[in-house]
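First comes the structure, then the notes that go with it.
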Amino acid sequence: MTDNSENLKTPSRPPSPLVSFMPPKPVVLVGLMGCGKTSIGKRLAKRFDLPFCDSDQEVEEAAGCAIGEIDSVFGDGSLEKGEFKVISRLLNQQVQVIATGCLSFTYEKTRKLIKEKAISVWLKADLQTLYTRVSGRKDRPLLEPGKEEEILTQMMNDYYPIFEESDVSVQTYDEPANITVDRVIIAMSEFIKSNYPDYHVLKSV
């Protein structure tokens, strides 16, 4: 792994969010594996006093098998279709925080649905952070042992332009999760203030 630490210094902790607001729609976290969607999502939901859901777990329960096995068991394209059905169901429930699968937002039909019915938050992580978090793990079916850096680099090149379509973008680092949550809340505050002003001062988070 190339050491780019001089260019990737973690910023100081942002000031604690001072603005009170409540999300008017479900909050959907998107981004590549290792960006922190699940850990950040759970903490964010707790701060908002909202339910949390991991769409990957819901897809696996619906399919009866692991994410990485769905296409081989049910045929090519089954994972994409399954994720769309599950995320569509979740977005029609109460307002909640949803962590999506690594590629969910890259599927055009699913992305269109999320953009229509939710506030999408991209947890943007640099290569060093992603590599540190996923290297050596066996629960990442898209990664091949020994080629993690190469695959992650290609995925960043392919998918980051798509993730940029999210409503909110937050840079994440290898830092305590609650610091990232503060960063997410500050970014969401600005978005909601501009787009949903009636929801801007409703709930302390």
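The values are calculated or read from the model by the stated rules, or taken from the named source; none is laboratory data. Quantities reported herein were computed from a predicted structural model and do not represent experimental measurements. A quick note on method: Cβ atoms are made from the backbone with ideal geometry, for glycine too, and the neighbour counts reach across all protein chains shown. Each accessible area value is taken on the protein alone, full model and side chains, heavy atoms only, with ligands, DNA and RNA left out. Shrake-Rupley method; radii C 1.70, N 1.55, O 1.52, S 1.80 Å.
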Using alpha-carbon positions, the gyration tensor of segment 56-205 gives root eigenvalues a ≥ b ≥ c; with a/c under 1.5 called rounded, otherwise prolate if a/b exceeds b/c, else oblate, the class is oblate
Length gained if Glu61 through Val95 is fully extended, taking 0.36 nm per residue and subtracting the Cα-Cα distance, is 10.1 nm
Yeah, segment 154-205 with a ≥ b ≥ c from its alpha-carbon gyration tensor (a/c under 1.5 is rounded, else prolate when a/b outruns b/c, oblate otherwise) is oblate
Row for segment 76-125, column shape: gyration tensor on C-alpha, a ≥ b ≥ c, rounded if a/c < 1.5 i.e. under 1.5, prolate if a/b over b/c, else oblate; value oblate
Largest-first ranking of Thr106, Thr132 by accessible area, probe 1.4 Å, whole protein assembly kept, is Thr132, Thr106
Computed over segment 52-100, the relative contact order (Cα-Cα under 8 Å, seq sep at least six) in percent reads 59
Protection proxy (average C-beta count within 10 Å per residue), highest first, orders 83-94, 113-124 as 113-124, 83-94
Of Arg133, Arg111, ordered by accessible area with the largest first and a 1.4 Å probe, the sequence is Arg133, Arg111
Of the listed pairs Lys25/Lys147; Lys85/Lys124; Lys46/Lys81; Lys112/Lys147; Lys46/Lys193; Lys85/Lys147, those with alpha carbons more than 28 Å apart are Lys25/Lys147; Lys46/Lys81; Lys112/Lys147; Lys85/Lys147
